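Written out below as structure tokens is the structure these notes cover.
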Amino acid sequence: MSMKILVTVTEVAEVEDEFEVAGDDIAEQYLEYDLNEWDDYAIEEAVQISEENDDVEVVTATIGPERSEETIRMALAKGADRAVRVWDDAIESADYLDTDSKADLLAAVVEEEDPDLVLSGVQSADEANGATGVTLAEKIGFQWAAVVNDLDLDIEGGVASVHRELEGGVEELTDVESPAVLTIQSGINEPRYASLRGIRQAQQKPLDVKTIDDVGLDESVVDSPLAQTSMYEPESEGDATIWSGGPEEEAEQLAEFLRDKGVVDA
Amino acid sequence: MSDVLAVTEHRRGELRDVSLEMVSAGRDLADEMGGDLHLAVISGDVDAYADQVNREGVDAIHTVEYGEEFNHDVYAQAVEQLADDLDAEYVLMPNSVNGLDYAPAVAEGLSLPLVTDVVDFSADGELEVTREQYGGKVETTIEVSEDRAAITTRPAEWPQAEGQGDAEVSAFDADIDESQIQSTVTGFEEVAGGDVDISEAEFLVSIGRGIEEEENLPLIEALVEATDATLSSSRPIVDNGWLPANRQVGQSGKVVTPDVYIAIGISGAVQHVAGMKGADTIVAINTDPNAPIYDLADYGIEDDLFDVVPALIEEFGGEVPDV
Ligand SMILES: Cc1cc2nc3c(=O)[nH]c(=O)nc-3n(C[C@H](O)[C@H](O)[C@H](O)COP(=O)(O)OP(=O)(O)OC[C@H]3O[C@@H](n4cnc5c(N)ncnc54)[C@H](O)[C@@H]3O)c2cc1C
Ligand SMILES: Nc1ncnc2c1ncn2[C@@H]1O[C@H](COP(=O)(O)O)[C@@H](O)[C@H]1O
């Protein structure tokens, strides 16, 4: 039985230690881009399923600028078969690309690809909406489960038995009917590093770039009733005493504190 | 009038604390927008839960009797029908793990704009919400130009509501379509057991992603030994399999309340902080002066852990391992 898994993959921006906000975002020179940690786990989960079963295709879907192809190639190097990237001027110039718009675009890709299973990450490390996967599920009429840290797929039976990681060391065991969208939690597996061979092969794998029009939508898809009106560094709520003077002196002050406090007698 | 419908949460027969936070957050929003605060209590022993959330500031409580435990299809249907029935402008849900599982569906089902993990509201004609970005390094304000929205609020950001309320509790007859329930909870499992209980420890040395590699862990273990501390960690260390799950501090790990908590190479993400903010004294060792951990630290060392930790081990007469 052949099967197709679609993995939503996003690149995320990490901020350097020292940075400045310029306008309504952090100035570009302080940002570094990487594959979203949670999507790395989702890719690994999909690739493992494809390795354990015959005839499973893994396709990644990304809404992102050309720069994100570096991230997408990483996913291909780790074993995804093919990639779709959606982008155009209208998306680029959107004021605020909200979850609804992103899910609409991803839903259009799903419609075209017709996957049996969609894996996404619990959250994107930079925006942390934690909402794209379930919104997408509702749009495409798939079942879903959020924050999945264990997955046992019964392909023939059309059921995904998952663990949802709740708060405080408790997991919920749930059976989800497929087709389904699962949002994958970190720790579910051990993401592989891309091998040199994988990286070479990734260059040859198909990466289709599509516009809003190509996926059958019109530009109004990027309109949003939400607008970001400011970004700023919050005033530090803390009043931490900072010990300084180099490692030795700092260690000495901390040691003295620990002895005074009575938690260490050494 | 802009009414607010806030949704409560329970698990395995107990109301969760976040429900009382929803009362405070909901009252806050209702006051900003000038409306009433309605609460939804769904599944399980709804009357008992309704009684517990009947605090000052609540205008009405609606119970939906259906099943025992949380099921996202039941919650989504019940909340959508209630919001329609009440004509509520704002649907407020917790950004808990279960919130992640149904709030986006509610927003989609009601065609409401969705903003998640909100930490503050303000209104100047239009609603503006505050949320964090880039791992808590910056805050953003998001303006909602429609006068309706689905919002999830960050756990532990609002206080638990107090004071006995006198809201009327009424049963809402939701029409739950069973064919729409396509997932089944088959049980629960406790993880992170074992011989060590970090929640009992008085002195925790906690390590995060700043340690970089498993090969560097002996450095921290040497510090733990020299100081007779208990070792704990942030999530990535456990995700990587470098320490067992019972060492993890945070939302999905353990809540700890030691006299002293030393966070080494830990940024202070909200889900980590959820587990350690109750420590009496917090010390951060982190090269990044902008790391959110410094917002709650009492003491800090803004220096490289690979320099500070060896010096600390020597302070206590320990042996610095070769890493
Ligand atoms: C549903 C959900 C539940 C979660 N539950 C938990 C949970 O229970 N517990 C938890 O911890 N996380 C949890 N997380 C993950 C959380 O969001 C963060 O990803 C995680 O806490 C980050 O861990 P960290 O601080 O070790 O790593 P990072 O955020 O990567 O921080 C590493 C820090 O080390 C510092 N550093 C780097 N090198 C050095 C050096 N040489 N010397 C000194 N400092 C250095 C850096 O400046 C940085 O601040 C959860 C996430 C989700 C979505
Ligand atoms: N621009 C994007 N392109 C593709 N997938 C995305 C994008 N943004 C978010 N996602 C997916 O949705 C998940 C949750 O993101 P978020 O809802 O933004 O926290 C991520 O882990 C990705 O799998």
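The values are calculated or read from the model by the stated rules, or taken from the named source; none is laboratory data. Keep in mind it's a predicted model, so treat the numbers as computed, not measured. In this analysis, Cβ positions are derived from the backbone assuming ideal geometry, glycine residues included, and neighbour counts consider all displayed protein chains. Keep in mind that these areas ignore ligands, DNA and RNA; they rest on the heavy atoms of the full protein, side chains included. Shrake-Rupley method; radii C 1.70, N 1.55, O 1.52, S 1.80 Å.
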| query | Can you count the Lys pairs in the protein assembly as shown with C-alpha separation below 19 Å, eight or more apart or on different chains? | reply | 9
| remark: DSSP beta bridges in chain B: the antiparallel percent, rounded to 5, is 25 percent
| said: Given a 1.4 Å probe, show me the residues in the range B:102-139 buried by at least 20 Å² of accessible surface when comparing the whole protein assembly to the chain alone. | reply: B:104, B:105, B:108, B:113, B:114, B:116, B:131, B:133, B:134, B:137, B:138, B:139
| task | Would you mind telling me the antiparallel percentage of the DSSP bridges in chain A, rounded to 5? | result | 45 percent
| query | For the protein assembly as shown, what proportion of DSSP beta bridges, expressed in % and rounded to the nearest 5, is antiparallel? | reply | 40 percent
| Quick one: putting +1 on the C-beta of Lys and Arg, -1 on the C-beta of Asp and Glu, what dipole do you get for the protein assembly as shown around its Cα centre, in Debye to the nearest 20? | 1060 debye
| field | Sequence ranges A:92-101, A:43-52, ranked by mean other-Cβ count within 10 angstrom, highest first | value | A:43-52, A:92-101
| Under 11 Å from the residue A:14 label point (7 Å along Cα→beta-carbon), backbone N, the range A:20-51 | A:32-37
| request: With a 1.4 Å probe and every protein chain kept in, tell me what percent of the accessible surface of chain B is carbon plus sulfur. | output: 37 percent
| remark: Inter-chain shielding metric for B:201-207, i.e. average beta-carbon neighbours from other chains within 10 angstrom, reads 1
| task | Return the value, in Å² to the nearest 100, of accessible area buried between chains B and A (probe 1.4 Å, both sides summed). | result | 7200 Å²
| Note, ³J(HN,Hα) from phi for the range A:35-48, Karplus 6.51, -1.76, 1.60, rounded to Hz, x at Gly and Pro | 5, 4, 3, 5, 6, 4, 5, 5, 4, 4, 4, 5, 5, 4
| Picking from A:70, A:252, A:171, which is most flexible by a Gaussian network model of chain A using Cα springs under 10 Å? | A:252
| remark: chain B, Gaussian network, Cα under 10 Å: of B:180, B:77, B:248, the residue fluctuating most is B:180
| So how tilted is helix A:247-261 from the main axis of chain A? Cα-based, degrees 0 to 90, rounded to 10. | 80 degrees
| field | Pairwise centroid distance, computed over Cα atoms, of the range B:144-180 with the range B:9-26, Å | value | 10 Å
| Per residue, in Å², the accessible surface of the range A:89-232 once ligands and nucleic acids are set aside, probe 1.4 Å | 42 Å²
| field | Per-residue mean of C-beta atoms belonging to partner chains within 10 Å, peptide A:241-250 | value | 6
| request: Please work out the C-alpha center-to-center distance from the range B:232-281 to the range A:1-40 and express it in whole Å. | output: 24 Å
| query | Ignoring ligands, DNA and RNA, what accessible area per residue does chain B give at 1.4 Å, in Å²? | reply | 38 Å²
| said: Can you work out the Karplus-derived ³J(HN,Hα) for every residue in the range B:102-115? Use 6.51 cos²θ - 1.76 cosθ + 1.60 with θ = phi - 60°, whole Hz, and x for glycine or proline. | reply: 10, 4, x, 5, 5, 4, 5, x, 9, 6, 9, x, 10, 10
| field | GNM flexibility winner over chain A from A:245, A:133, A:121 (Cα, springs under 10 Å) | value | A:245
| remark: Honestly the range A:3-222 on the Cα gyration tensor test (a ≥ b ≥ c root eigenvalues; a/c under 1.5 rounded, otherwise a/b vs b/c for prolate or oblate) is just rounded
